[in-house]
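The values are calculated or read from the model by the stated rules, or taken from the named source; none is laboratory data. Everything quoted here is computed from the prediction, not taken from an experiment. When we count neighbours, we look across all protein chains shown, and the Cβ atoms used for this are built from the backbone with ideal geometry, even at glycine. In case anyone asks, the SASA skips ligands and DNA or RNA and just uses the protein heavy atoms, side chains included. Shrake-Rupley method; radii C 1.70, N 1.55, O 1.52, S 1.80 Å.
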Amino acid sequence: MAYDLKEQQITIRRENRSMKLPGNCLTTAMGILPHVDPDTALRLALSLDIPFWPQLPRLSFYEDMYAQVSEHLPGIKLDFNAQVIRFNIKDFYEELPAYIENWEDPDYFRLSPRYARVYRRFLAEDLAHYPAIRGQSIGPVSFGLKIVDEKQAPIIYNDEVRGFLYDFITKKIQAQYRDLVAKNPRAFVWVDEPGLELVFMALTGYSSERAREDYRHFLAMLPGHKGVHLCGNPDWSFLLGLELDIISLDALQWGHIFTRYTGEVKEFLQRGGIISWGITPTLTEEVEKVTIAKLVAQLENLWDYLHGQGISKETIITQAWLAPARCCLVNADGAASVEKSFRLLKEVAGVIRKKYGLL
């Protein structure tokens, strides 16, 4: 299952250079939505400048972002009663031969309707007129830290399983990218990585040095424009130094910390990178209190700080996207607060675009 690394990296670099992503404060959002109605979720996703196919974990446990990527992963069993993903190392080795037989079959790694109810319907839409379209996948670090074996050890600590996991998720992303780029040449798949907030702490069994090396190799194998999304507060210096085209963050909560990495942010933007600023809240109590003026002011305060440190406002704005700060599945009002967050997002984007002549 070894990659021809040099040949694939050359192909991937050529793909990345072929089509520049637009910035200009276009709107997008995280893939997870709290809806149980696929039609409503799809309409909401398609209403943004850069649409995405929705993940609906309230509709089915299959659509939990960890469960969703696990289809065909040896050793994995979904426990629907407990809503838990289980891994067994004995099953892993027993199921490995069947997996290897399908290694060269791209359809084996595609998202199936059982695991993603809206995915095929999204692909059936006319997506060519959008400035870009997006998919998403949980990343190997987050998956490997969350899923534990029968001894309750995170599978990322197992050297053999970890290497396999990185390769497996790479194949899943490659298959998704092929589907999306057939619908829009500026398609991309970003990686959801909440676990990156944890991996560079003092975790036993997986050193930060090894994690950095593994992650750089993983990104090198991804096709199209490369992006990472997380809602936490990771080692921003490491993340900004990766060969990424997109970094998506919860700027509402962590923007004041992120912008303090001024030198790294400047270098990232100089390389042409896009920052997706998560600015509109999704929790009910937050959504009910905010105003458009306050959100615009909070966003511009972050940008003004960077501008004061020598980064041109034009660069910041023309290489920015805007998004809700995070997904949310805990609101008592179901999808109402999240839908309001999307409406706020469009209004904030409209104000910013008008002010800076981006309309």
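Label reach from Lys346 (point 7 Å along Cα→C-beta): in region 314-331, amide nitrogens under 18 Å belong to 322-325.
Pull out the extension gain between Ala124 and Phe80, defined as 0.36 nm times the separation in residues minus the alpha carbon to alpha carbon distance; nm, one decimal.
Details: separation 44, 0.36 × 44 = 15.84 nm, distance 2.94 nm.
Working it through step by step, the gained length comes to 12.9 nm.
Count the net charge of all other residues whose Cβ sits under 12 Å from the Cβ of Pro324, scoring Lys and Arg as +1 and Asp and Glu as -1. Write down the numbers at each step before the final one.
Numbers: positive: Arg326, Lys340, Arg343, Lys346; negative: Asp250, Glu286, Glu339.
With Lys, Arg at +1 and Asp, Glu at -1, the net is +1.
Rg over Rh for region 102-203 works out to 1.04, both radii taken from alpha-carbon positions and Rh defined as the Kirkwood radius.
Report the FRET efficiency, 1/(1 + (r/R0)^6), for Ile100 and Gln253, where r is their Cβ-Cβ distance and R0 is 41 Å, rounded to 0.05. Numbers along the way, then the final one.
Working: r = 43 Å, r/R0 = 1.05.
Calculated transfer efficiency: 0.45.
Obtain the nm distance between the two label points defined at Asn233 and Arg353 by a simple spin-label model: each point lies 7 Å from its Cα along the Cα-to-C-beta direction. That separation, rounded to one decimal, is 3.3 nm.
Here the chain exposes an accessible surface that is 51 percent carbon and sulfur, computed with a 1.4 Å probe and the other protein chains kept in place.
Take the Cα of Asn331, step 7 Å toward its Cβ, do the same at Arg271, and the gap between the two points is 3.5 nm.
On C-alpha positions alone, give me the angle between the axis of helix 292-308 and the longest principal axis of the chain, in degrees, nearest 10. Taking Cα atoms only, the helix is inclined about 80 degrees.
Packing, as the average of other Cβ atoms within 10 Å across residues, places the peptides 48-60, 32-44 in the order 48-60, 32-44, highest first.
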